[in-house]
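See below for the structure under consideration.
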């Protein structure tokens, strides 16, 4: 009777919803129920809404609290003391008797808003008892006064609470694994299961605009969320109204369903236009303004872009006049945001503000909208002609959710995003993730301002920085040791993080760079080092929800070609020879699988090491030679310069390895000596060195290998 009364009160006060109860009823016998821990309400919620009478594992210190003791008489309780290894034995015996028990594997209420450390003990309990693990997600209790997040979130007395019961899982390691390794592996599997649970119950089935509306509802309409170099921060409501105003202009100047190119820097207006295009039923295409006239014309042809929006001020500052004229000469309509702003009077602005405030009432996209294209991006083109990549709303939101599960971002974070928005790293983790999570974002348009950006980080008290190896090396050279005093996390992607850059950031700023890995086609992150799971020299572990397979590569003794699948994998390509036609991802493993073209190694703990792109291997003497390994060797010897290794066709040798460097003191004999010390075969070493004044870079910070290879061919002696 007491349980019924408590359940009724919780339903009335918190409108508690229970999903997936069929999974609870489908499993019988030994069941260990694991749940995330958000508030002091959590045990009461599970006791009231889960059928039967499961036991509860509780920290012995908490069990001794005077206000907790009266409640313990209503359930079977197993006090756990982390200092006593035998405290889990009674819980194991309880499960072995064919009963159920509830445990919170984090061991404490979260103070980050996401998963905290998952202890090995609960995994060991499931393993030794032979119990199935039943994950339960508690969502909403973090907004109550009973949580420990009151300083971070807008708490309310009676928020809606949802309980999600997921299918049971057997996490027992293989029989061959023994001792402490078995306990560690069981704990790792439980941690992965908890992360997957949070991902599977995240709201990714919505549009980007709907996600921002939901974020405004959670964090407040007046919360300042976006700022750029103009230093005029936008609140959620201001951004939404700005997007609505621009959506009307987009409708007026483009056709229904048209792809609209955005030739703009990282700025508030670019974000508003991106959302405005989506509201207007147009597909925004983020154009790479560093690609030159030829690259821009190629992108517009591949994406069938006939309308481009840009800014007169930006065109003048970036000296893009010739590029804009080339687009206009190709019949592409050019519109300037300055003209659109002048066209919008006071009445439309007031109307947009009113429409923004009521947007949750009138914005009702259909069920298929989340799976439709949200944005068109273009691959870097570092090794060939760029392809257009179509990412859906669900792709982008899934990747944001995957990152949010494994990294403890919070609403007090200030994101300094210096990456261009035509780069998926800058658009996804750098912009959309903070926008939908309540974090303030500062957009800076030029990542090459190595002296200004550290000062900016100091000024705005940035806590999170996204960058590439090239950019981070530049900031470290010019920054004062205290410029990054407030930074909690620095994430590196897009290119290999050099050991010298990693060491410099640790020694100068005391910051551990978290290296990740991904691609435009994967929205973008596939794997990342995190504060909890970090291994230097690797790109971390795969994010939850990423399925992977390795394909054997002839000539390589270890590792394989990586194929991936998941909700963050793109809708497909538009190819230069098939403009406007969607080509869904497919690999030898089947539909929906994406062939990354990267050769990787994966260890027993799931850490991923990038060996190199398959295109970045040369076949010399029948052996596969990783060109990136030679680059790392050159960078170790001459760390203050950029180096690139390319493979050129040779009439007699087949392939010839050439080192192109900005350093004029590169000596092959020093390279040979370092190779011997590193155990690298002499067969791998370049036969020639070419000095180049400055290696060309793409807008994303990657080395432009296509241009370097062409330059090396032009500066090579005839065969």
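Table for the structure above
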| quantity | calculated |
| --- | --- |
| Strands (runs of 3 or more DSSP E) wholly inside the stretch 542-605 that include at least 1 residues being touching a helix residue (DSSP H, G or I) at 6+ places or on another chain (Cβ under 9 Å) and without any contact (Cβ under 8 Å) to a residue 24 or more places away in the chain | 578-583 |
| Qualifying residues in the stretch 477-496 (those that are under 19 Å from the mean Cα position of the chain (by Cα) and assigned to a loop (DSSP other than H, G, I, E, B)) - the one farthest from residue 229 (Cα to Cα) | 496 |
| Unique match (being within 29 Å of residue 435 (Cβ to Cβ) and surrounded by fewer than 17 Cβ atoms within 10 Å (Cβ to Cβ)) among 282, 313, 328 | 313 |
| Helices (runs of 4 or more DSSP H) wholly inside the stretch 402-476 that include at least 3 residues being modelled with pLDDT of 95 or more | 433-437, 452-460 |
| The one condition in (1) under 26 Å from the mean Cα position of the chain (by Cα); (2) more than 17 Å from residue 313 (Cβ to Cβ); (3) modelled with pLDDT under 95 that residue 228 fails to fulfil | (2) |
| Identity of the residue in the stretch 308-326, touching a strand residue (DSSP E or B) at 6+ places or on another chain (Cβ under 7 Å) and without any contact (Cβ under 8 Å) to a residue 60 or more places away in the chain, that ends up nearest to residue 582 (Cα to Cα) | 308 |
| Residue within the stretch 64-87 that is over 30 Å from residue 219 (Cβ atoms), modelled with pLDDT of 80 or more and surrounded by fewer than 20 Cβ atoms within 10 Å (Cβ to Cβ) present | no |
| Residues within the stretch 208-232 that are part of a loop (DSSP other than H, G, I, E, B), touching a residue at least 60 places away in the same chain (Cβ under 8 Å) and either touching a strand residue (DSSP E or B) at 6+ places or on another chain (Cβ under 7 Å) or within 18 Å of residue 350 (Cα to Cα) (or both), tallied | 3 |
| Unmet criterion (only one of (1) closer than 29 Å to residue 633 by Cβ; (2) modelled with pLDDT of 90 or more; (3) assigned to a loop (DSSP other than H, G, I, E, B)) for residue 502 | (3) |
| In the stretch 424-449, the residues that are surrounded by 24 or more Cβ atoms within 10 Å (Cβ to Cβ), more than 11 Å from the chain's Cα centre (by Cα) and within 15 Å of residue 472 (Cβ to Cβ) | 447 |
| Residues of the stretch 606-623 that turn out to be at pLDDT 80 or above, outside any loop (DSSP other than H, G, I, E, B) and surrounded by fewer than 21 Cβ atoms within 10 Å (Cβ to Cβ), as a count | 2 |
| Sole residue being over 25 Å from the mean Cα position of the chain (by Cα), in a helix (DSSP H, G or I) and surrounded by fewer than 19 Cβ atoms within 10 Å (Cβ to Cβ), chosen from 156, 160, 183 | 183 |
| Total residues in the stretch 679-697, condition in a loop (DSSP other than H, G, I, E, B), in contact (Cβ under 8 Å) with a residue 24 or more places away in the chain and in contact with a helix residue (DSSP H, G or I) (Cβ under 9 Å, 6 or more places away or on another chain) | 7 |
| Residue in the stretch 242-259 that is under 30 Å from residue 110 (Cβ atoms), in contact with a helix residue (DSSP H, G or I) (Cβ under 9 Å, 6 or more places away or on another chain) and touching a residue at least 40 places away in the same chain (Cβ under 8 Å) present | no |
| Only one of 305, 244 that is touching a strand residue (DSSP E or B) at 6+ places or on another chain (Cβ under 9 Å), in the same structural domain as residue 222 (by TED's automatic domain parsing) and either surrounded by 21 or more Cβ atoms within 10 Å (Cβ to Cβ) or under 14 Å from residue 338 (Cα atoms) (or both) | 305 |
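The values are calculated or read from the model by the stated rules, or taken from the named source; none is laboratory data. Quick caveat, the model's predicted, so the values are computed rather than measured. Heads up, the Cβs are rebuilt from the backbone with ideal geometry, glycines too, and the neighbour counts pull from every protein chain shown.
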